[in-house]
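Asks: Have a look at this one before I ask anything.
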Amino acid sequence: MALDDTIVAISTPPGRGGIGVVRLSGPHARLIAESFLRFSPSSDWAARHARFGHLVDGDGHMIDEVVATFFEAPRSYTAEDLVEVSCHGAPVILRHVVERALRGGARLANPGEFTLRAYLHGRIDLPQAEAVRDLIEATTLYQARVAARQSGGSVSRCLAPVKEQLIELIALLEAGIDFAEDDVSVAPTAEIVRRVDPIRAGVDRLLASFQFGQVVREGFSLAIVGRPNVGKSSLFNRLLEQDRAIVTEIAGTTRDLVSETAAIGGIPVKLYDTAGIRVTPELVESRGIERSYQAMADADLTVVVIDLSQPEEPEDRELIARAASQGRRLVAANKSDLPLLREAPEGVIPVSALTGEGIPALRKAILGAISPGGEWEQETGLITSLRHEQLLRESAAYLQKARDAAQASIPHEMLLLDLYASLEPLDALTGATTADDILNRIFATFCIGK
């Protein structure tokens, strides 16, 4: 990829706004900016300082007042000379800035090319670059915090000691092959196994974080099911913190899926309020009940709602058993503010959708069901990318093969093949040995201007 040209793009979202920003990056960024900006004769470019000026058209007529900031290489986002032009956020003005930059010799940036140049110049590594995209796409503050930690290098820092131990083991075996005498091994089997085990443990720790990391990045779906009038829609509204679903005392009010996105513990969750499940001859309601069963099957987690102020019904037990057979489920006993006709069974969470009693405990239980072991408290070293997970799994498999080879007294020359094969995915994860087609695929998902 050519790095000796200058690129330009609008970095603020499409539409109108008070401020719009156009970026230029490359060896001629400052010279091209001077071709369409006019500054006071007494001012001059100073690195990391803003400069007031005017945007002019091809005839020299003023179009807008602007503030241009110059970031000198290598202390810029791309590690190249970079100019950011801040003007009023009218689309016609932003397009004019880009057009004048193109006439001056720049070219339009490809999606993610500014971040790609930062990576290619060694400003950031590949996990940090991918975290920039996640940070831009974050919909909750928790997602943003995790992505910000990753863009600061948390994944690379967790991986660094693992790679270092693996490289040390490879060096030890290479030295043994070069200097072994009389077929005496420099590294006995026990020593090799002792060194492989902590490397494998480090890779496994990162792999274990993917279950929760994927939930943090992509969110999860939650279906609320139960018999009619147990308070499903009220609980749906309480978790959503707004009156989204219609609530009445008439059985069968909800006849179709009602969905909305909320955040629980900073993680996006798609909530589904479902039709009350019962035997009914009514065609429309029966179709809604079919969709309730489908929502249970598709959801990452099902919350079965029962009513402790009413006698237990066989449908309650059947729903709980069905939800358990399909995957992760919780049971919430609603209307705990009313006189209870029966005690809440063990493991059931008493709540009141009317007063909010028990809702914090339910939210905590939902997070615990999605991420067993309380992993949601872990904010550093999370693996959120499927690409990272696949590479780590590949590395772990080769490490296990190397361990088995050592215990089987396989010659070190063959064992080294497995160790090198386990190092290669780790290098690909951080970008040390990443093919161009993978890079293009990663950065094509970025927005233009970043």
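The values are calculated or read from the model by the stated rules, or taken from the named source; none is laboratory data. Please read all numbers here as calculations on a predicted model, not as lab measurements. Every residue, glycine among them, receives a Cβ derived from its backbone with ideal geometry; neighbour counts consider all protein chains shown.
Asks: Going by the conditions given, is Val155 within 12 Å of Leu382 (Cβ to Cβ) and either of a type in the set (Val, Ile, Thr) or not in a helix (DSSP H, G or I) (or both)?
Replies: Yes; evaluated as a whole, the condition is true for this residue.
Asks: Run down Asp64, Asp44, Asp59 and say which single residue is farther than 24 Å from Asp5 by Cβ and touching a helix residue (DSSP H, G or I) at 6+ places or on another chain (Cβ under 9 Å).
Replies: On inspection, the qualifying residue turns out to be Asp64.
Asks: Are any of the residues in region 323-336 within 15 Å of Tyr272 (Cβ to Cβ), assigned to a loop (DSSP other than H, G, I, E, B) and not β-branched (Val, Ile, Thr)?
Replies: yes
Asks: Give me the residue from region 401-426 that is surrounded by fewer than 16 Cβ atoms within 10 Å (Cβ to Cβ) and in contact (Cβ under 8 Å) with a residue 60 or more places away in the chain and, out of that set, farthest from Leu386 (Cα to Cα).
Replies: Ser409
Asks: Quick one: how many residues across region 121-152 are in a helix (DSSP H, G or I) and either modelled with pLDDT of 90 or more or not aliphatic (A, V, I, L, M) (or both)?
Replies: Qualifying residue count, region 121-152: 12.
Asks: Of the conditions (1) surrounded by 14 or more Cβ atoms within 10 Å (Cβ to Cβ); (2) part of a helix (DSSP H, G or I); (3) modelled with pLDDT under 90, Asp437 fails just one. Which one is it?
Replies: (1)
Asks: Oh, and also: Testing Val162 on (1) over 30 Å from Pro268 (Cα atoms); (2) of a type outside the set (Phe, Trp, Tyr); (3) exposed (fewer than 14 other Cβ atoms within 10 Å of the Cβ); (4) assigned by TED's automatic domain parsing to the domain that holds Asp197, one condition comes back false. Which one is that?
Replies: All conditions are met except number (3).
Asks: Let me ask something else. Mind telling me which of the residues Val230, Val225, Val269 ends up being over 28 Å from the mean Cα position of the chain (by Cα), at pLDDT 85 or above, surrounded by 19 or more Cβ atoms within 10 Å (Cβ to Cβ) and within 21 Å of Ala324 (Cα to Cα)?
Replies: It is Val225.
Asks: Let me ask something additional. Could you please let me know if Glu357 is acidic (Asp, Glu), at pLDDT below 85 and outside the structural domain of Pro198 (by TED's automatic domain parsing)?
Replies: It is false that Glu357 is acidic (Asp, Glu), at pLDDT below 85 and outside the structural domain of Pro198 (by TED's automatic domain parsing).
Asks: Just to be sure before I move on: is Val193 in contact (Cβ under 8 Å) with a residue 24 or more places away in the chain, more than 17 Å from the chain's Cα centre (by Cα) and in a helix (DSSP H, G or I) in the structure I sent?
Replies: yes
Asks: Return only the number of the condition from (1) among the charged types (D, E, K, R); (2) farther than 26 Å from Pro111 by Cβ; (3) in contact with a Gly (Cβ under 9 Å, 6 or more places away or on another chain) that Asp4 does not satisfy.
Replies: Evaluating Asp4 over (1) among the charged types (D, E, K, R); (2) farther than 26 Å from Pro111 by Cβ; (3) in contact with a Gly (Cβ under 9 Å, 6 or more places away or on another chain) leaves (2) as the failure.
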